[in-house]
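S.K.: Following this message is one structure expressed as structure tokens.
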Amino acid sequence: MLQIILLLLPGVLSQWRVSYVSLSPVCAARGSNVSINCRYEYPDDQRVQQVIWCSMRKRCNCAVKPYVYDSKSNNNKKNFQYIGDKTSNCSLLISNIDQTHSGEYKFRFITSEKKYTCAPRVTILVDDLKVSMNRSRENGSTIVGDSLNLTCTLSCSGNLADVQWFKNRDLIRHSEPVLTFSRVTAEDSGSYSCSLRNFKTTLSEEITIHIEDVTWFPTVLIIVVFLVSLVFITAAVILMRRKAKTQVKPKKKREEAKRSLYCTLQKNDDAVYSTITNPQETQDVLQEV
């Protein structure tokens, strides 16, 4: 529980007094519990009949209803619980606080003879926890071996004392506001969020980090170059073979024509002469009919 310890300060009046620690604004994380501790004094002959806490949001007078807490009312706001008494302790607990509870608060008490409202006000600011990232590589992707820090922050507060971290909604063992990765790996990729310790209701929005593993890149590059080269070589071989075939066909036809035999028939009155011509030698053969 986030507590606001309000210590006693000297009051203006000697016997009628309500004391707080500081008038500085108090920062609270949405979803946390805030305890406003205070004390009040009055003359010994007085008896306290009613204690009141009022929100000064959109109002300037604590004597006018509605109140966030009234000891004589049965309809007090569920987030506000009076943990003081009717003697000297005027502490108030605000549970599961959110942005609608931001503002100034005053304590007021009524005795049999007098109504007294504390002049100072307690100011509460409520904001969401956020995760910010700081990495060694300013531009481009985060790759294996880089370093980065994730910081759990509250805009209206300087430092957070004790937090808890989550990766992909699972709790991880780390309680410092800064989650440090000296050398990230691909396994560190995921969605990270933080909350106040033991208060998961204060969970921040997730921030997603993706770690690129480039250790495989040289191997893939070699494979790609090899495949491209193989395609070009195969295409060149096919073209050369096609070109060779187109040159061989006419030559082959000429050679076949030379090797072929042809006959020339010659006729006269007495016989038919057949001349058989061979590319290598030529001779006349007389055949009688």
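S.K.: Do we have any residue at all in segment 244-258 that's surrounded by fewer than 10 Cβ atoms within 10 Å (Cβ to Cβ), modelled with pLDDT of 90 or more and assigned to a helix (DSSP H, G or I)?
M.R.: No, segment 244-258 has no match at all.
S.K.: Then there is this: Looking at Lys130, Lys86, which one is among the basic types (Lys, Arg), touching a strand residue (DSSP E or B) at 6+ places or on another chain (Cβ under 7 Å) and in a loop (DSSP other than H, G, I, E, B)?
M.R.: Working: Lys130 fails: in a loop (DSSP other than H, G, I, E, B).
Exactly one residue qualifies, and that residue is Lys86.
S.K.: Residues that are in contact (Cβ under 8 Å) with a residue 60 or more places away in the chain and within 44 Å of the chain's Cα centre (by Cα): does segment 67-82 have at least one? Explain how you work it out, then say what you get.
M.R.: Applying the first criterion (in contact (Cβ under 8 Å) with a residue 60 or more places away in the chain) to segment 67-82 yields none.
No, the conditions are met nowhere in segment 67-82.
S.K.: Under 8 Å between Cβ atoms, at least 6 apart or on separate chains: pull out the pairs that start in segment 120-145 with a residue that is more than 22 Å from Thr202 (Cβ to Cβ) and touching a residue at least 40 places away in the same chain (Cβ under 8 Å) and end on any residue that is surrounded by 14 or more Cβ atoms within 10 Å (Cβ to Cβ) and among the hydroxyl-bearing types (Ser, Thr, Tyr).
M.R.: Taking only residues 6 or more apart or on different chains, the pairs are Pro120/Tyr20; Arg121/Tyr105.
S.K.: Do you know which residues across segment 174-199 are under 21 Å from Asn159 (Cβ atoms) and among the charged types (D, E, K, R)?
M.R.: Step one: filter segment 174-199 for residues under 21 Å from Asn159 (Cβ atoms), giving 174-181, 192-199.
Glu176, Arg197 - these are the residues of segment 174-199 that are under 21 Å from Asn159 (Cβ atoms) and among the charged types (D, E, K, R).
S.K.: Assuming Thr151 fulfils every condition listed in (1) of a type in the set (Val, Ile, Thr); (2) at pLDDT 90 or above; (3) assigned to a loop (DSSP other than H, G, I, E, B) apart from one, which condition is it?
M.R.: (3)
S.K.: Which of the residues spanning segment 154-165 are surrounded by 12 or more Cβ atoms within 10 Å (Cβ to Cβ) and under 14 Å from Ser132 (Cα atoms)?
M.R.: At the first step, the residues of segment 154-165 found to be surrounded by 12 or more Cβ atoms within 10 Å (Cβ to Cβ) are 154, 156-157, 160, 163-165.
Those that are surrounded by 12 or more Cβ atoms within 10 Å (Cβ to Cβ) and under 14 Å from Ser132 (Cα atoms): Leu154, Leu160, Trp165.
S.K.: Still on this structure, I have one more. Return the only residue of Thr180, Thr201, Thr208 being assigned to a strand (DSSP E or B), outside the structural domain of Gly31 (by TED's automatic domain parsing) and under 27 Å from Val126 (Cβ atoms).
M.R.: Values: Thr180 fails: under 27 Å from Val126 (Cβ atoms); Thr201 fails: assigned to a strand (DSSP E or B).
Unique residue meeting the criteria: Thr208.
The values are calculated or read from the model by the stated rules, or taken from the named source; none is laboratory data. Bear in mind the structure is a predicted one, so any value in this text is a computation, not a measurement. Positions of Cβ are generated from backbone atoms using ideal geometry, with glycine treated the same way; all protein chains shown enter the neighbour counts.
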